[in-house]
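Asker: This is the structure, below, for whatever I ask next.
Read-outs: derived from the displayed coordinates by stated rules, not from any lab. Fair warning: this is a prediction, and the values are worked out from it, not measured in the lab. Counting neighbours? That spans all protein chains shown, and the Cβs are built from the backbone with ideal geometry, glycine included.
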């Protein structure tokens, strides 16, 4: 939608060291004022920002099609002459705000790149500058007398783009980021209005570039890529390199990772990935879901990411595509296709409705399941909670060469061309004969398919258990096996000594279902040459 421009007063951007006040207004409610003056005037206005859409016909941003959009749900502060906060409100769904002010008083309007609600559902979302001490972005009006009659003060955050480059302050960037999250919040609370969203910072800077800081210090802007790291989302912003403030799919993809971690569950080990990779099933699930989730929230199946000189390059793909060169439970493109085409389907469900997916993701049965997060675990809980949709779900899975519908993938036959990845979970029993398994880097290192092998271990008696992993004679002359013990996805113990060809540890376990994950460190370290397949005997006594 294109919005009319308004009479504009002030267009510069500032940073805030902190924020004050509170608000009980809803995300789209009419603003309210905390002023207690008995004789007051109305002061209000509209807050807008420039949005740069993607080219419809090709990749990159289309600056010629710049839209003026409302800043929705943002915190607005009324400041006095001394800079103190006199009142606080929120912009509504059309970017409007309003205060009651005393006549002939110096006041200033500040709009912060922050969404805040203190009642259920609650959230506190800020866009901050990681290269400037994580300060909150804000747009300031001038310090002007309120006068003797009602008045209007409109604020606009401009893109800063002119004559083929960013020639002035890029004030619109933080508000474009904020508005993407506003949309995500709105669509989720339409499904479940009882969720409380933990605080979130989206850290964006015009200095954020694709270079990696070797010391991992993101305050330099060398963040490498847009990513959800710890409890914050970092977003690229370097002109002529890669900017993501107007790439709504990218922003909401990272917000989906935040949603998974805080309101659902993810066991993903993260790491770099490219479209078409054979991934660890936990990574494939998380990345495929996040791609589809962004497309669903935006109602736009064309995932876009701009970059390059004048932001005229980048890439795009259709998350609804069903034809992929490699299909399976290890491919993010297969996962995103399943979710997005389910969303579109009107077969036994309402078309363009993702509420069943949110129901599964937030269900205790999914969050507390013993199996690791994967399309298998999701499918089991999906069909259990929505049995009337089983045929639809199974059809979408089969279309992507996924044949199992239980969390342990007992009937899966798709081995990606390497028999060693099946069964997905090897059965392991205490005081039984060793089980042989091979970890491989034939599909790539670190977070790729086959690097980790998984074992299902059912413990019926509390006791100390000896875990032993030993080289079986197949693979490199000097392997370095390590292992982790997981309980409902959480790592409860690990053994990662530097001993060659063996690893052992004694662990006290209580009755429960555990997952043992083993791998050869050689297949994770980028400094180790070669893509090895290392075979081990695994035993628990």
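Asker: With an 8 Å cut-off on Cα pairs and a minimum separation of 6 or more residues, tell me the relative contact order of region 225-366 in percent.
Answerer: 24 percent
Asker: Pop the C-beta distance of residue 163 and residue 213 into the FRET formula with R0 = 45 Å and round what comes out to the nearest 0.05.
Answerer: 0.90
Asker: In whole Å, largest first, what are the principal axis extents of the Cα atoms in region 13-263?
Answerer: Sorted from largest, the Cα extents of region 13-263 read 57, 46, 39 Å.
Asker: Okay, moving on. Could you pull the Cα extents of region 486-541 along its three principal axes, largest to smallest, in whole Å?
Answerer: 41, 22, 17 Å, listed from the longest principal axis down.
Asker: Taking only the alpha-carbon atoms of region 371-473, what semi-axes of the equivalent ellipsoid follow from 5 times the gyration tensor eigenvalues under a square root, in whole Å, largest first?
Answerer: Calculated on Cα positions only, the semi-axes equal 28, 20, 10 Å.
Asker: Using a 10 Å cut-off on Cβ atoms, rank the peptides 468-474, 79-85, 154-160, 175-181 from the highest mean neighbour count down.
Answerer: By packing density, highest mean first, the sequence is 175-181, 154-160, 468-474, 79-85.
Asker: To continue, here is another question. Obtain the nm distance between the two label points defined at residue 388 and residue 122 by a simple spin-label model: each point lies 7 Å from its Cα along the Cα-to-C-beta direction.
Answerer: Once both label points are built, they end up 3.6 nm from each other.
Asker: Return 78, 385, 183 ranked ascending by Cβ neighbour count within 10 Å, so the fewest neighbours appear first.
Answerer: Ranked by crowding around the Cβ, least crowded first: 385, 183, 78.
Asker: Sticking with this one: Which of the peptides 233-240, 459-466, 282-289 is most tightly packed, and how do the rest follow, judged by the mean count of other Cβ atoms within 10 Å per residue?
Answerer: By packing density, highest mean first, the sequence is 282-289, 233-240, 459-466.
Asker: Now for a separate question. Hey, rough spin-label estimate for residue 225 and residue 478, points 7 angstrom out along Cα→Cβ, what's it come to in nanometres?
Answerer: Once both label points are built, they end up 3.2 nm from each other.
Asker: Fully extended, how many nm does the chain gain between residue 315 and residue 151 (0.36 nm per residue separation, minus their Cα-Cα distance)?
Answerer: 54.4 nm
Asker: Still on this structure, please answer the following. Evaluate 2.2 N^0.38 Å with N set to the residue count of region 264-414, then give the Cα radius of gyration divided by it.
Answerer: Expressed relative to 2.2 N^0.38 Å, the Cα Rg reads 1.02.
Asker: Using only helices, what value at 222 nm comes out for the chain when you add -39,500 (n - 2.57) per DSSP H run of length 4 or more and divide by the total residues, to the nearest 500 deg cm²/dmol?
Answerer: -5500 deg cm²/dmol, from helical runs alone.
Asker: Here's another thing I want to ask about it. Among 136, 75, what is the fewest-to-most ranking by other Cβ atoms within 10 Å?
Answerer: 136, 75
Asker: Could you compute how fast region 458-499 diffuses translationally, taking Rh as the Kirkwood radius over C-alpha pairs and applying Stokes-Einstein at 37 °C with viscosity 0.692 mPa s? Give it in µm² per second.
Answerer: Reported coefficient: 259 µm²/s.
Asker: Still on this structure, I have one more. On a 0 to 90 degree scale, rounded to 10, what angle separates helix 332-344 from the longest Cα axis of the chain?
Answerer: 60 degrees
Asker: Related question: Going highest first, how would you order 208-217, 322-331 by mean Cβ packing within 10 Å?
Answerer: Those peptides, ordered most packed to least, come out 322-331, 208-217.
Asker: State the dimensionless ratio Rg/Rh of region 61-175 (Rg: radius of gyration of Cα atoms; Rh: Kirkwood radius).
Answerer: Reported Rg/Rh, Kirkwood definition of Rh: 1.00.
Asker: State the extension gain, in nm to one decimal, for the chain segment bounded by residue 498 and residue 274, taking 0.36 nm per residue of separation less the distance between their alpha-carbons.
Answerer: Value of the extension gain: 77.5 nm.
Asker: Now a separate question. Using a Förster distance of 41 angstrom, determine the FRET efficiency expected from the C-beta separation of residue 367 and residue 506, and round it to 0.05.
Answerer: 0.85
Asker: I've got another one for you. Using only the Cα atoms of region 195-322, what semi-axes does the equivalent ellipsoid have when each is the square root of 5 times a gyration tensor eigenvalue? Give whole Å, largest first.
Answerer: Square roots of five times the eigenvalues give 22, 19, 15 Å.
Asker: So, one more: First obtain the Kirkwood hydrodynamic radius of the chain from its Cα pairs, then insert it into the Stokes-Einstein equation at 20 °C and 1.002 mPa s, and state the resulting D in µm² per second as a whole number.
Answerer: It comes out at roughly 84 µm²/s.
Asker: On to the next question. For the pair residue 513 and residue 42, how long in nm is the line joining their label points, each one 7 Å along Cα→Cβ?
Answerer: Each label point is offset 7 Å from its Cα along the Cβ direction, giving 6.1 nm.
Asker: Test of understanding: express the Cα radius of gyration of region 419-541 as a ratio to 2.2 N^0.38 Å, with N the residue count.
Answerer: Here the Cα radius of gyration is 1.00 times the empirical estimate.
Asker: Quick check: residue separation of residue 527 and residue 458 times 0.36 nm, minus the Cα distance between them. What number comes out in nm?
Answerer: That pair, residue 527 and residue 458, stretches by 21.2 nm at full extension.
Asker: Any idea how far the Cα center of region 172-227 sits from the one of region 61-85, in Å?
Answerer: Their Cα centres are 18 Å away from one another.
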